[in-house]
Amino acid sequence: MPSVFATNMRFKFSFLAIFLEVLIIILFGIFVRYKENKPISKDNLFLYPFFQDVHVMIFVGFGFLMTFLKKYGFSSVGINMLIAAFGLQWGILMQGFWHMKAKKINIDVQSMINADFSTATVLISFGAVLGKTSPIQMLIMTILEITIFSCNEHLVVDVFKATDTGASMTIHAFGAYFGLAAARVLYRPSLKEGHKNEGSAYHSDIFAMIGTLFLWLFWPSFNSAIANPEDLQQRAIINTYFSLAACTLTAFAFSSLLEHRGKLDMVHIQNATLAGGVAVGSCADMDIYPFGAMIIGSVAGLVSVVGFKFLTPFFSSKLKIQDTCGVHNLHGLPGVLGGLASIIAAAARVKLRDSASPSAPMQAAALGCSIGIALVGGALAGLILNLPFLGQAPDENCFDDSVYWEVPGEEAELAGQFSDPGDHRTLNVNV
């Protein structure tokens with residue numbers, strides 16, 4: 001059962017959340033306006049179905065993917081929702097400040113998609129520190145990461161003019177390495193040998209698989225949402241579709257091959273089957289042909305399974321990086337693979353449009369920049385999150401919902417454990 005904290009989360013968290021929302025409302029009132037699309041027609045909303053798909057991925061897909069921990073489901077879905085709701089508002093502001101016109105931020109459906117994209121980076125990083133951080137820490141991390149992400153995105157897209165339609169580099173690689181750097185700084189030596197709650201149960205793995213299926217089904221929308229309409233958008237959908245299919249077969253095959261009894265590992269199936277969507281992102285709208293997308297997806301599935309099997313234990317024991325969800329294997333390695341694929345495609349002069357192809361040196365600069373800024377930014381965020389007054393749970397209370405949530409049956413269990421049969425007083429645990 002959770003121990004009593006010196007930190008009173010009730011007031012610190014509530015005041016911080018209210019303060020941030022009030023601040024955002026004020027900033028929206030000063031800077032944010034509707035973007036006028038004239039003439040107004042239904043065609044102006046052609047992006048809305050893509051927005052809906054991405055929105056489902058953010059709130060349902062990412063949230064349920066992290067419910068594999070047997071006693072941390074409330075936090076996985078609930079704090080995911082908290083981060084996403086706050087992050088999309090902060091993302092509108094941070095991305096909008098780079099593209100202000102007449103000192104105003106003009107928003108439309110595409111702005112909302114981009115805001116969801118910025119939120120995805122934090123949700124990826126959240127997976128690396130899942131179970132070991134407080135809601136207060138995650139709000140602070142959201143502020144820091146989206147701010148740094150917006151700077152990196154501006155550098156990659158507006159300065160380098162790199163192509164990253166499905167954001168293999170700017171979202172997936174960035175989010176993964178930001179989270180890994182933060183996890184390294186937040187390292188807990190007492191968790192080196194694991195924790196009694198750091199594991200899954202049969203039902204929790206099924207819930208996590210729901211997240212996998214939502215992400216798998218909607219990933220073509222994620223990779224094509226900001227592509228130029230018509231042929232390039234269709235190309236991104238097709239390439240992602242076949243990359244995911246090839247990745248899934250490869251992930252199943254190598255999961256069975258690498259397990260000593262030849263059985264499938266649910267961790268691999270929940271995560272590695274999605275790696276193809278990550279890896280094909282940077283060149284999703286390039287003319288790589290479906291077979292090229294399938295090659296990228298197959299390699300991504302292999303790399304991801306190998307990462308879960310061998311790299312995750314190495315990171316934990318040797319590098320002191322406790323990557324709870326294995327984001328390095330789902331987002332980091334496939335994100336790097338996607339960046340490398342875009343460099344190769346650019347060097348081969350694979351066309352993005354009828355008369356243009358991306359620059360290989362700029363693609364390489366975008367990949368290096370994204371990883372470098374993520375590592376430095378994540379380490380800085382970890383140092384800030386490690387400040388003692390932010391109220392993280394003691395080591396023994398990690399991966400336990402009851403630290404931050406009212407859990408059904410908790411009061412009766414506490415009363416039974418801490419009440420004296422001859423004493424009518426019960427313990428009041430305030431977190």
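The values are calculated or read from the model by the stated rules, or taken from the named source; none is laboratory data. Treat the numbers as computed from the prediction; the structure is a model and nothing was measured. Methodologically, a virtual Cβ is constructed for each residue, glycine included, from the backbone with ideal geometry; neighbour enumeration extends over all protein chains shown. Side chains included, ligands, DNA and RNA excluded: accessible areas come from the protein's heavy atoms. Shrake-Rupley method; radii C 1.70, N 1.55, O 1.52, S 1.80 Å.
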Review point. Past the 18 Å Cα-Cα mark, which pairs from 196/318; 35/101; 35/103; 70/132; 263/320?
Key: 196/318; 263/320
Check your understanding: If you take the charge dipole of the chain about its Cα centre, with +1 on Lys and Arg Cβ and -1 on Asp and Glu Cβ, which of 200, 392, 173 is farthest toward its positive end?
Key -> 173
Point to revise | On Cα atoms only, tilt of 333-347 relative to the major axis of the chain in degrees | key: 10 degrees
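How large is the accessible surface per residue of the stretch 88-161, computed with a 1.4 Å probe and reported in Å² as a whole number? Write down the numbers at each step before the final one.
Working: 2290 Å² over 74 residues.
Value returned for the stretch 88-161: 31 Å² of accessible area per residue.
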Revision key, fill the gap. If every Lys and Arg gets +1 and every Asp and Glu gets -1 at its Cβ, then about the Cα centre the chain yields a dipole, in debye to the nearest 20, of 880 debye
Check your understanding: Under a point spin-label approximation (7 Å from Cα along Cα-to-Cβ), what is the residue 389-residue 74 distance to one decimal in nm?
Key -> 2.8 nm
Exercise for review: Specify the inter-centroid distance of the stretch 299-365 and the stretch 120-154, based on alpha-carbon positions, in whole Å.
Suggested key: 20 Å
**Study point:** Solvent accessible area, Å² - residue 109, 1.4 Å probe, full protein context
**Key:** 20 Å²
**Study point:** Charge dipole of the chain about the Cα centre (unit charges at C-beta), most positive-ward option of 254, 92, 124
**Key:** 92
**Study point:** Helix 73-97 axis, angle to the chain major axis (alpha carbon atoms, nearest 10°)
**Key:** 40 degrees
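Given a 1.4 angstrom probe, I'd like the percentage of the accessible area of the stretch 183-293 that is carbon and sulfur, rounded to a whole number. Mind dumping the intermediate values first?
Working: 3240 of 5040 Å².
Ligands and nucleic acids excluded, carbon and sulfur reach 64 percent.
By how many nm would the segment from residue 104 to residue 230 lengthen if fully extended, with 0.36 nm per residue of separation less the alpha-carbon distance?
Values: separation 126, 0.36 × 126 = 45.36 nm, distance 3.00 nm.
Length difference between fully extended and current span is 42.4 nm.
Could you do me a favour and compute the accessible area per residue for the stretch 235-330, 1.4 Å probe, result in Å²? Provide the component values of the computation, followed by the final result.
Working: 3770 Å² over 96 residues.
In whole numbers, the stretch 235-330 has 39 Å² accessible per residue.
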Practice item. Over the stretch 124-173, with every protein chain in place, what whole percent of the accessible area is carbon and sulfur at 1.4 Å, could you tell me? Key: 71 percent
Study note, to complete from the structure: Taking only protein heavy atoms and a 1.4 Å probe, the highest-to-lowest accessible-area order of 250, 212 is 250, 212
Point to revise | Between helix 135-154 and the chain: long-axis angle, C-alpha atoms, 0 to 90°, nearest 10 | key: 10 degrees
Check your understanding: With a ≥ b ≥ c the root eigenvalues of the C-alpha gyration tensor of the stretch 152-253, is it rounded (a/c under 1.5), prolate (a/b larger than b/c) or oblate?
Key -> oblate
Check your understanding: Given the Cα atoms of the chain, and with Rh set as the inverse mean 1/r over their pairs in the Kirkwood sense, what is Rg to Rh to two decimals?
Key -> 0.99
